[in-house]
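All of the numbers you see were taken from the coordinates with simple rules; none came from a lab. Worth saying up front: this structure is predicted, and the values here are computed from it rather than measured. Because the Cβ atoms are built from the backbone with ideal geometry, glycine has one as well, and the counts that use them run over all protein chains shown.
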Amino acid sequence: MEINTDEIAQKCIEAINERLKNLNKLNIIVVGKSGVGKSTLINSLFRGNFAKTGLGRPVTDEIRKIEKKDYPMAIYDTPGFELSKGQQNKVKDEIIELINKGFVSKDVNDAIHCIWYCINVGGNRTFDETEIAWLKELTESNKITQVPIIVVLTQSCPKSKAQEMKTLVEKENLDIVKVVPVLAQDMDFDEEYVAKAYGLDRLIDVMSESLPDELQDTLQNVQKASLESKKKHSQAAVVTAVAAAFGEGFAPIPFSDAAVLIPTQVAMIASITTIFGMEVNKSLLTGFVSSTLGTAGATVLGKTIVSNLIKLIPGVGTVVGGLISGSTASLLTTALGEAYIILMEMIYKGELKAEDLYSDDGKDTISKIFKNELKKDRKRISNY
């Protein structure tokens with residue numbers, strides 16, 4: 001019996017497309033004065049130069065909605081806050097109207113999930129009184145709906161000034177989630193000093209902590225600022241698959257669990273691909289599958305042969321055999337998931353191109369990574 005790598009790769013493609021199609025839409029309202037750096041912040045956080053797709057379409061008199069086809073996120077952009085008091089109040093009222101409309105709909109795709117209030121540290125000496133009053137009124141109106149409000153300090157350089165502004169905002173005891181200083185891009189001061197970008201990963205973490213479970217995959221799919229966050233959520237997907245694989249490894253019918261395990265591993269690969277937000281094709285997945293599941297002694301078939309032979313030995317019984325089968329299935333699934341995360345990370349960092357996996361050298365690299373992941377947990381099987 002051989003593993004049909006081409007068929008598995010096709011199943012992975014189908015599972016990835018299905019998962020992407022079913023991602024919930026993340027809706028963010030962005031507020032701040034003109035020149036605060038909203039577009040730079042958005043494009044530094046999210047893939048696809050999202051804020052460069054145009055001005056968006058009007059959804060109220062003052063607010064425009066920016067979205068892209070087949071992209072599971074929408075940005076609601078507000079006009080600059082150097083407006084008249086009347087216009088500021090109108091913007092606030094329209095934001096509350098959008099929040100309430102989404103809240104009443106009970107549809108996660110229509111709800112407003114997060115509000116960023118952006119303050120340019122470089123252009124402000126203090127937290128403006130009009131901004132304080134506006135935020136207090138907004139948070140008061142948001143008490144029932146409880147949409148997370150994050151104050152984002154843009155162009156936070158120098159850090160000492162950003163910290164001063166952060167302290168000023170926090171002293172107001174506003175009903176907000178966090179104050180997050182961010183420098184979205186490196187800032188050149190002269191030939192000798194460049195302030196390095198920072199804070200984007202922290203903003204992603206704060207959003208992840210604030211958003212419901214049904215939006216976690218969406219956030220990871222669209223964000224490009226935090227590799228560690230993508231890895232963390234990918235490893236959670238591996239843990240879920242490993243738990244399923246362990247249970248499936250107890251199948252009492254000889255040689256039945258090989259077919260059962262493949263869908264679990266396909267779903268895991270689809271989940272990790274979705275989290276990384278990178279396009280993959282069938283050729284890449286075929287190369288990965290042939291370098292891992294197709295590796296001698298490390299295939300689902302190999303796992304099945306070991307476990308089911310023991311199940312058939314008189315006096316050993318299904319329980320002992322199942323323990324070996326379950327632990328082996330878990331080990332193989334863990335190694336497969338961790339190897340795929342490493343592959344995604346290498347492509348993400350530019351250390352490996354997708355087309356490299358079509359070559360023998362590329363496949364050999366992945367095979368070595370997979371075998372190394374197997375070795376890390378080899379004691380797990382021997383314990384049974």
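Brief remarks on what is shown
- Phi to ³J(HN,Hα) by Karplus 6.51 cos²θ - 1.76 cosθ + 1.60 over segment 276-291, Hz, x for Gly, Pro: 6, x, 10, 6, 10, 10, 5, 4, 4, 5, 4, x, 5, 5, 5, 7
- Here's the list of aspartates and glutamates a cross-link from Lys101 could span, going by alpha-carbon distance under 14 Å and ignoring same-chain residues fewer than 8 apart: Asp93, Asp110.
- Ranked by how many other beta carbons lie within 10 Å on average, peptides 135-145, 336-346 from highest: 336-346, 135-145
- Amide H to amide H distances under 5 Å link Ile112 with Gly102, Phe103, where only residues 5 or more positions off or on other chains count and H is placed in the peptide plane.
- The order of His233, His113, going from fewest to most other C-beta atoms within 10 Å of their C-beta, is His233, His113.
- Listed pairs Lys33/Lys161; Lys231/Lys375; Lys92/Lys159; Lys178/Lys230; Lys68/Lys363; Lys21/Lys371 exceeding 23 Å between Cα atoms: Lys92/Lys159; Lys68/Lys363; Lys21/Lys371
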